[in-house]
1. If you check every pair at least six apart or on different chains, which have Cβ atoms under 8 Å apart with a residue in region 163-183 that is modelled with pLDDT under 85 first and a residue that is assigned to a loop (DSSP other than H, G, I, E, B) second?
2. Are any of the residues in region 74-94 closer than 30 Å to A19 by Cα and in contact with a Gly (Cβ under 9 Å, 6 or more places away or on another chain)?
3. For region 101-119, which residues satisfy the criterion of being surrounded by fewer than 16 Cβ atoms within 10 Å (Cβ to Cβ), assigned to a helix (DSSP H, G or I) and not acidic (D, E)?
4. Give region 120-152 a look and list any residue that's in contact with a strand residue (DSSP E or B) (Cβ under 6 Å, 6 or more places away or on another chain), touching a residue at least 40 places away in the same chain (Cβ under 8 Å) and part of a helix (DSSP H, G or I), or say none.
5. Name the residue, out of K152, K166, K79, that is assigned by TED's automatic domain parsing to the domain that holds E37 and among the basic types (K, R).
6. Go through region 170-183 and give me each residue that's assigned to a strand (DSSP E or B) and more than 22 Å from A156 (Cα to Cα).
Amino acid sequence: MREKNTVRRAPEEQKNEHAINEEITAREVRVIAEDGEQLGVLPIAEALRIAEEAGSDLVAVAPDAVPPVCRILDYGKLKYREQKKAAASRKRSAQQTVKELRLRYSTDKHDLETKVKQARKFLAEGDKVRFQMRFRGREVVYREIGEEIFSKIVEALEDAALVEEKTPLLGNRMIMTVAPRSS
């Protein structure tokens, strides 16, 4: 019986997106103090000494510039601010989902009102709504009734939604997608 190799490897450390302190390889760097004051072009050893005296880190903010631009600041605070900014941007770009409501050509008036009410709720939350009407067998001959029902839905949601897509009869289905109206 063969033994399994049980050696576990530590996950690779995440590489910092900014070079900090000793990771900066340039001989000379343009240094900006914590308060935004330009200290000029300094040798890396002197820039590191100034950063250490200030109790902060030397962070390369523009490593491709000639000479590289470094800023004296607290790297932990910089990372924290970047994480907050990224989280806020993810929050702003909320994903829009598509909710589906199924109908039949024979759906009663009250049931149709209920579907419209549900669609209004979904649209208010910022989601798109897809109405799908299915016809079975010979029911396909009632396509005009289905189109009338879709036009009633459009009228009922006129103030809250725009028709994004309306497909004619495809096989045994008719589909209409509405999106929330921009405020």
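1. As it stands, the answer is L169/F135; R181/D159; R181/A160, since those pairs meet every condition given.
2. The answer is yes; a qualifying residue exists.
3. K109, H110, L112, T114, K117, Q118
4. Within region 120-152, L123, G146 meet the criteria.
5. K79
6. Result: L170, single match.
Residue-wise test of (1) modelled with pLDDT of 85 or more; (2) over 30 Å from K128 (Cα atoms).
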{"site": "N5", "(1), (2)": "no, yes"}
{"site": "R30", "(1), (2)": "yes, yes"}
{"site": "G55", "(1), (2)": "yes, yes"}
{"site": "A60", "(1), (2)": "yes, yes"}
{"site": "V69", "(1), (2)": "yes, yes"}
{"site": "I72", "(1), (2)": "yes, yes"}
{"site": "K85", "(1), (2)": "yes, no"}
{"site": "A94", "(1), (2)": "no, no"}
{"site": "T114", "(1), (2)": "yes, no"}
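Residue-by-condition table, conditions (1) without any contact (Cβ under 8 Å) to a residue 60 or more places away in the chain; (2) of a type in the set (A, V, I, L, M, F, W, C); (3) more than 14 Å from I32 (Cβ to Cβ):
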{"position": "I44", "(1), (2), (3)": "yes, yes, yes"}
{"position": "A47", "(1), (2), (3)": "yes, yes, no"}
{"position": "A51", "(1), (2), (3)": "yes, yes, no"}
{"position": "G55", "(1), (2), (3)": "yes, no, yes"}
{"position": "V59", "(1), (2), (3)": "yes, yes, no"}
{"position": "D64", "(1), (2), (3)": "yes, no, yes"}
{"position": "C70", "(1), (2), (3)": "yes, yes, no"}
{"position": "Q83", "(1), (2), (3)": "yes, no, yes"}
{"position": "A86", "(1), (2), (3)": "yes, yes, yes"}
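The values are calculated or read from the model by the stated rules, or taken from the named source; none is laboratory data. Please read these numbers as outputs of a predicted model, since none were measured by experiment. Using ideal geometry, Cβ is built from the backbone for each residue, glycine included, and neighbour counts are taken over all protein chains shown.
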